[in-house]
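Novice: Pasting a structure below so you can have a look.
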């Protein structure tokens, strides 16, 4: 199932996970309106396509004024964003996520991947979010973590996995 970032954040928020304030925009005027709804003095305007590495492809813009938000929206809407995951043809940007810009203390990557051969969900995690996971995993393989789940028992935590991700400071024995 492919869902956009804004849809994932709506789901997470429904389960009590804190997410930045934001909203979807389909035009530059809507983007400015969303920024005013969110409030604050800095916003992030993000292209919503089914691909990672949007920031590296120019699909994420940090904005400090309404004029910046308007210009970012004009620049992104209708643009074809080409990332390592889209291939040379890229994907067109039809919607944006406008959200409050927050100071980032730490970013983590956590994803659920279907292992079709074993018919299991695999939890993939890496202590460095905000970048292409394939790239970060290839350079620091020992810091990444993958854990298979079981339909009977689910996915149980692992002390070694928690240490690898930096969630605990002491290495397990």
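Novice: Quick one: would you say residue 46 is touching a strand residue (DSSP E or B) at 6+ places or on another chain (Cβ under 7 Å) and without any contact (Cβ under 8 Å) to a residue 24 or more places away in the chain?
Specialist: For residue 46, the condition - touching a strand residue (DSSP E or B) at 6+ places or on another chain (Cβ under 7 Å) and without any contact (Cβ under 8 Å) to a residue 24 or more places away in the chain - is not met.
Novice: If you take the residues in the stretch 86-98 that are in contact (Cβ under 8 Å) with a residue 40 or more places away in the chain and in a loop (DSSP other than H, G, I, E, B), which one is surrounded by the most Cβ atoms within 10 Å (Cβ to Cβ)? Give the steps one after another, and end with the answer.
Specialist: To start, the set of residues in the stretch 86-98 that are in contact (Cβ under 8 Å) with a residue 40 or more places away in the chain comprises 91-98.
Next cut, in a loop (DSSP other than H, G, I, E, B) only: 93-95.
Values: 93: 20, 94: 11, 95: 17.
Of everything passing the filter in the stretch 86-98, 93 is surrounded by the most Cβ atoms within 10 Å (Cβ to Cβ).
Novice: Hey, any hits in the stretch 99-117 for a residue that's more than 30 Å from residue 25 (Cβ to Cβ), in a loop (DSSP other than H, G, I, E, B) and at pLDDT 75 or above?
Specialist: yes
Novice: Now a separate question. Show me the helices (runs of 4 or more DSSP H) entirely contained within the stretch 1-80 in which 2 or more residues are out of contact with any helix residue (DSSP H, G or I) (no Cβ under 6 Å at 6 or more places or on another chain) and closer than 30 Å to residue 114 by Cα.
Specialist: 5-14
Novice: Are any residues in the stretch 52-84 farther than 21 Å from residue 42 by Cβ, touching a strand residue (DSSP E or B) at 6+ places or on another chain (Cβ under 9 Å) and touching a residue at least 24 places away in the same chain (Cβ under 8 Å), and if so, which ones?
Specialist: Across the stretch 52-84, the qualifying residues are 57, 79, 81, 82, 83.
The values are calculated or read from the model by the stated rules, or taken from the named source; none is laboratory data. This is a predicted model, so every value here is computed, not measured. In this analysis, Cβ positions are derived from the backbone assuming ideal geometry, glycine residues included, and neighbour counts consider all displayed protein chains.
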